Amino acid sequence: MRTLPAGAPPRWVLLPALLGTLLILLPVTAVLTRLEWVELPVLLTSAAAVDALTLSVWTALAATFTCLLLGVPLALLLANARFRGLAVVRSAVLLPLVLPPVVGGLALLYTFGRQGLLGGAFDLMGLQVAYSSLAVVLAQTFVAMPFLVVSVETAVRGLDRDVLDAAAVDGAGRTGILRHVTVPLILPGLVSGAVLAFARSLGEFGATLAFAGSVQGVTRTVPLEIYLQRETDPDAAIALSILLIGVAVVVISLAYGRPARLAER
């Protein structure tokens, strides 16, 4: 007779668990059934869709690279620093996780916009950040970086300190330990964080709209194109939505499948 693990939940949790699953799957299924699938290639190859897809992919990649460049060092410091006010700093770094994206977009606008805090400095350099493709990258980075920071910081905090101490005793410097010991050990968390940051960047809407606007080929990403087309061309909006659902499935598989396999090695 098969026995359940000691920590298995009681049977009554099955019903709410199923209801929770249905709450997520039913809306997704409804979207998938609203379109004639033979029309999908045509809808996804329209000029507006191609422009939105191209812009979304390269800006999401740029934002992910920026998150890696800035977020990994930040996560390392948060995981190892010990000072008063660390909790406040961590809360500030993770603020975009709970802040409404449109508020984040307004904050970016009041910082980098022409009338913003740094607007005068950018005007002197002949740069316009707001309502440009750069604004899209900044908005995506703003909302996506906490996902990377949380993943990497959690991975660093889970490291075996004895291994790091042993590397230091052997004469390895801090950079050497980081490169040859820390990074390989936190690789699953790093990969997971990068994939989640890319997914969050790809699906960003509110901050992008508030800070970058919606200009085809310049700032109109896939989520903005879906919002625009939902009234004028619902089939196009559904097609792009299905594409994002497919990307989300791939992202979840990469974020929670591959890192887990790496950790088992």
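The values are calculated or read from the model by the stated rules, or taken from the named source; none is laboratory data. What you are looking at is a predicted structure, and each value in this text was computed from that prediction instead of being measured. When we count neighbours, we look across all protein chains shown, and the Cβ atoms used for this are built from the backbone with ideal geometry, even at glycine.
Yes or no: segment 5-13 includes at least one residue that is in a helix (DSSP H, G or I), surrounded by 10 or more Cβ atoms within 10 Å (Cβ to Cβ) and not aromatic (Phe, Trp, Tyr).
Applying the first criterion (in a helix (DSSP H, G or I)) to segment 5-13 yields 11-13.
Adding the requirement that they be surrounded by 10 or more Cβ atoms within 10 Å (Cβ to Cβ) leaves 13.
With not aromatic (Phe, Trp, Tyr) added as a condition, the list becomes 13.
For segment 5-13, residues in a helix (DSSP H, G or I), surrounded by 10 or more Cβ atoms within 10 Å (Cβ to Cβ) and not aromatic (Phe, Trp, Tyr): present.
Right, ALA30: without any contact (Cβ under 8 Å) to a residue 40 or more places away in the chain and closer than 15 Å to ALA237 by Cβ or not?
Values: without any contact (Cβ under 8 Å) to a residue 40 or more places away in the chain: yes; closer than 15 Å to ALA237 by Cβ: yes.
In short, yes.
Scanning segment 14-67 for residues that are of a type outside the set (Gly, Ala, Ser) and outside any helix (DSSP H, G or I) yields THR33, ARG34, LEU35, GLU36, THR45.
Taking the residues in segment 94-132 that are in a helix (DSSP H, G or I) and more than 22 Å from PHE205 (Cβ to Cβ) as candidates, determine which candidate is modelled with the highest pLDDT. Here the answer is ALA121.
Within segment 101-115, residues that are more than 13 Å from VAL129 (Cβ to Cβ) sit with their Cβ atoms under 7 Å from residues that are aromatic (Phe, Trp, Tyr), at 6+ positions apart or across chains, in these pairs: PRO101/PHE205; GLY104/PHE142. Count of segment 46-92 residues, restricted to those that are surrounded by fewer than 18 Cβ atoms within 10 Å (Cβ to Cβ), among the β-branched types (Val, Ile, Thr) and closer than 23 Å to LEU243 by Cβ, is 3.
For segment 204-219, give me each residue that is surrounded by fewer than 20 Cβ atoms within 10 Å (Cβ to Cβ) and either outside any helix (DSSP H, G or I) or more than 18 Å from the chain's Cα centre (by Cα) (or both). Listed by number, the residues that qualify are PHE205, GLY213, SER214, VAL215, GLN216, GLY217, VAL218. Is it the case that segment 240-256 has a residue that's out of contact with any strand residue (DSSP E or B) (no Cβ under 8 Å at 6 or more places or on another chain), buried (at least 20 other Cβ atoms within 10 Å of the Cβ), farther than 19 Å from ALA60 by Cβ and touching a residue at least 12 places away in the same chain (Cβ under 8 Å)? No, there is no match, as no residue in segment 240-256 is out of contact with any strand residue (DSSP E or B) (no Cβ under 8 Å at 6 or more places or on another chain), buried (at least 20 other Cβ atoms within 10 Å of the Cβ), farther than 19 Å from ALA60 by Cβ and touching a residue at least 12 places away in the same chain (Cβ under 8 Å).
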